[in-house]
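**Q** Just dropping this structure here.
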Amino acid sequence: MNILLVGAGLSGAVIGRKLAEAGHSITVVDSRAHIAGNCHTERDAQTGVMVHIYGPHIFHTDDAEVWDYVNSFETFMPYKNRVKTTSGGQVFSLPINLHTINQFYNRTMRPDEARAFIEEQADTSIAEPQNFEEQAMRFVGGALYEAFFKGYTIKQWGVSPTELPAAILKRLPVRFNYDDNYFFHRFQGMPENGYTEMVARILDHPAITVHLNTRFTRDMADDYDHVFYSGPLDGYFDYELGRLGYRTLDFERFSYEGDYQGCAVMNYGEETVPFTRITEHKHFSPWESHDGSVCYREFSRDCEPDDIPYYPIRQVKEKALLAEYVALVEQTSGVTFVGRLGTYRYLDMDVTIREALDTADAFLAKGTDLPAFATSPL
């Protein structure tokens, strides 16, 4: 069959490669001038640093098949994400761990002592946390919440933490040992030559043709047996019901001669600091050595029509509009919506690849009887 993939990011590349290997003819279109979507990387001409153009992407997974898959196209080097945060004139380690707790309270507690101490700080009157703030108050108490979560969350999401679901904070563990690895997955690493090189190798197949700087229009589908669409869900319908809400990011890029902050990610938890964090990109490739440095100050705001959407908001208003778009999708044939934008969900890279592999397998088994959503966005 002739298959059209809209988007040359991870979803489009992985699905396209698997279907090409099965004998289908694959066309990939992308509105941008490069492949790899938001995980696009390129070397800075001045410093030689590998820069994550749309902000840092760190690969972490427990899925051995996905780990083997990415390593079959690019060598992944060992990398642990050790995040720091500046608050109250001090630098602390995140996620909150035993060192953070002892430093913050100027104590030397053992794990069992710290666990009991934090329980004393917690607001135990909150039996079932209903929002982000209640979740934080119940599990770490007011002081740690104010220092590390409140200001950062307001800047990141643009709303009071009382308006955000408690589930957001469940992704942020508290550890009663000195483990400062931000993630807990078995497999963690960074591609030695960047994500764009990896995606280029995935797309490197004689049955795959890629067209960049090419904006998809629905009439293009008439020339193909099936479409896999990884662009914005509302964009497929030309936003006829309105725009789904996203947060976007602005980056203030600057260079530095030497080592600017000594780590890859420095958060700024105080609301008075306008940016959420500074990333120093040479530290994402610790096996390399560079005299110069490239850094990003990161600012979060509501996404406007011409902006790049990053984080789906998925509050009550957005979920209601999403349900309306899903109803439209159910009246549409010949297209399967995939990926972060196509299903309006926050997805880590490993989950994106897992779903892409499974979607391709389902297509090979069912053909064009594939449903519009391999995974429902509702």
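Just so you know, all these numbers are worked out from the coordinates, no wet-lab data involved. Since this is a predicted model, take the numbers as computed values, not measurements. Here Cβ is always computed from backbone atoms with ideal geometry, including for glycine, and neighbour counts include all displayed protein chains.
**Q** Using the Karplus curve 6.51 cos²θ - 1.76 cosθ + 1.60 with θ = phi - 60°, what ³J(HN,Hα) values do you get for each residue of region 108-113, in whole Hz, with x for Gly and Pro?
**A** 10, 7, 7, x, 5, 5
**Q** Still on this structure, please answer the following. Among the lysines, which fall within straight-line cross-link reach of Lys366, defined as a Cα-Cα distance under 23 Å, with same-chain neighbours fewer than 8 residues apart omitted?
**A** Candidates past the 8-residue exclusion: Lys18.
**Q** Which of rounded, prolate, oblate describes the chain, given a ≥ b ≥ c as roots of the alpha-carbon gyration tensor eigenvalues and a/c under 1.5 marking rounded, otherwise prolate only if a/b is larger than b/c?
**A** Verdict is prolate for the chain.
**Q** Mind giving me the FRET efficiency for Lys317 and Asp291? R0 is 56 Å, r the Cβ-Cβ distance, nearest 0.05 is fine.
**A** 0.70
**Q** Ranking Ser31, Ser11, Ser72 by Cβ neighbours within 10 Å, fewest first, what do you get?
**A** Result, fewest neighbours first: Ser72, Ser31, Ser11.
**Q** On to the next question. Once the other residues with Cβ under 11 Å from the Cβ of Glu146 are scored (Lys, Arg +1; Asp, Glu -1), what is the net sum?
**A** Once all neighbours under 11 Å are counted, the net charge is -2.
**Q** Given springs between every Cα pair under 10 Å in a Gaussian network model of the chain, which of Val140, Val273, Val199 has the largest fluctuation?
**A** With Cα springs under 10 Å in the chain, the top fluctuation among Val140, Val273, Val199 is at Val273.
**Q** Among the lysines, select those whose C-alpha is under 26 Å from the C-alpha of Lys84, and discard any that sit fewer than 8 residues away in the same chain.
**A** The reachable lysines, counting only those whose Cα sits under 26 Å from Lys84, are Lys150, Lys155, Lys170, Lys282.
**Q** Sticking with this structure for a sec: Please report the relative contact order for region 83-171, taking Cα pairs under 8 Å with a sequence separation of at least 6, and give it as a percent rounded to a whole number.
**A** 23 percent
**Q** Could you list Cys295, Cys263 so that the one with the fewest beta carbons within 10 Å of its beta carbon is first and the one with the most is last?
**A** Cys263, Cys295
**Q** Sticking with this one: Among Gly12, Gly231, Gly48, determine the one that fluctuates most according to a GNM of the chain built with springs between C-alpha atoms less than 10 Å apart.
**A** Gly48
**Q** Modelling each spin label as a point 7 Å along the Cα-to-Cβ direction, I'd like the Glu119/Arg301 distance in nm, to one decimal.
**A** Roughly 4.6 nm, to one decimal.
**Q** Under 5 Å between amide hydrogens, which residues at least 5 positions from Asn131 or on another chain qualify, with H placed 1.01 Å from N in the peptide plane?
**A** Here the answer is Ala166, since their amide H atoms fall under 5 Å of that of Asn131.
**Q** What list of ³J(HN,Hα) couplings, whole Hz, do you get for region 209-225 from phi and the Karplus terms 6.51, -1.76, 1.60, once you set θ to phi - 60° and write x for glycine and proline?
**A** 10, 10, 10, 8, 6, 10, 8, 6, 10, 5, 5, 5, 5, 4, 8, 10, 6
**Q** Also: Nearest 0.05, what FRET efficiency do Ala22 and Thr214 give at R0 = 30 Å with Cβ-Cβ as r?
**A** Efficiency for this residue pair is about 0.80.
**Q** Between Glu324 and Ser160, what's the calculated FRET efficiency when r is the beta-carbon distance and R0 is 25 Å? Round to 0.05.
**A** 0.40
**Q** Percent of Cα-Cα pairs per 10 Å bin, from 0 to the last occupied bin, for region 83-171, please list those.
**A** Once binned at 10 Å, the Cα pair distances of region 83-171 give 16, 49, 31, 4.
**Q** Simple spin-label model, 7 Å along Cα-to-Cβ: Ser333 to Ser376 in nm?
**A** Going by the 7 Å Cα→Cβ label model, 2.3 nm.
**Q** Using +1 at the Cβ of each Lys and Arg and -1 at the Cβ of each Asp and Glu in the chain, identify which of His52, Asn102, Cys303 lies farthest towards the dipole's positive end.
**A** My answer, from the dipole projection, is Asn102.
**Q** Next question, about the same structure. Apply the a/c threshold of 1.5 to the C-alpha gyration tensor of region 21-79 and tell me whether it is rounded, prolate or oblate.
**A** Oblate is the answer for region 21-79, as a/c is 1.5 or above yet b/c matches or exceeds a/b.
**Q** Sticking with this one: So what are the ³J(HN,Hα) numbers for region 57-72, from phi and the Karplus equation (6.51, -1.76, 1.60; θ = phi - 60°), rounded to whole Hz, Gly and Pro as x?
**A** My calculation for region 57-72 gives 10, 10, 8, 8, 7, 9, 8, 5, 5, 5, 4, 5, 4, 5, 6, 6 Hz in order.
**Q** Rounded to the nearest 500, what is the chain's calculated 222 nm mean residue ellipticity when only DSSP H runs of at least 4 contribute -39500 (n - 2.57) each, over all residues?
**A** That comes out to -8000 deg cm²/dmol.
**Q** Using a 7 Å offset from the Cα along the Cα-to-Cβ direction at both Arg110 and Gln90, what is the distance between the two label points in nm, to one decimal?
**A** Here the answer is 2.3 nm between the modelled labels.
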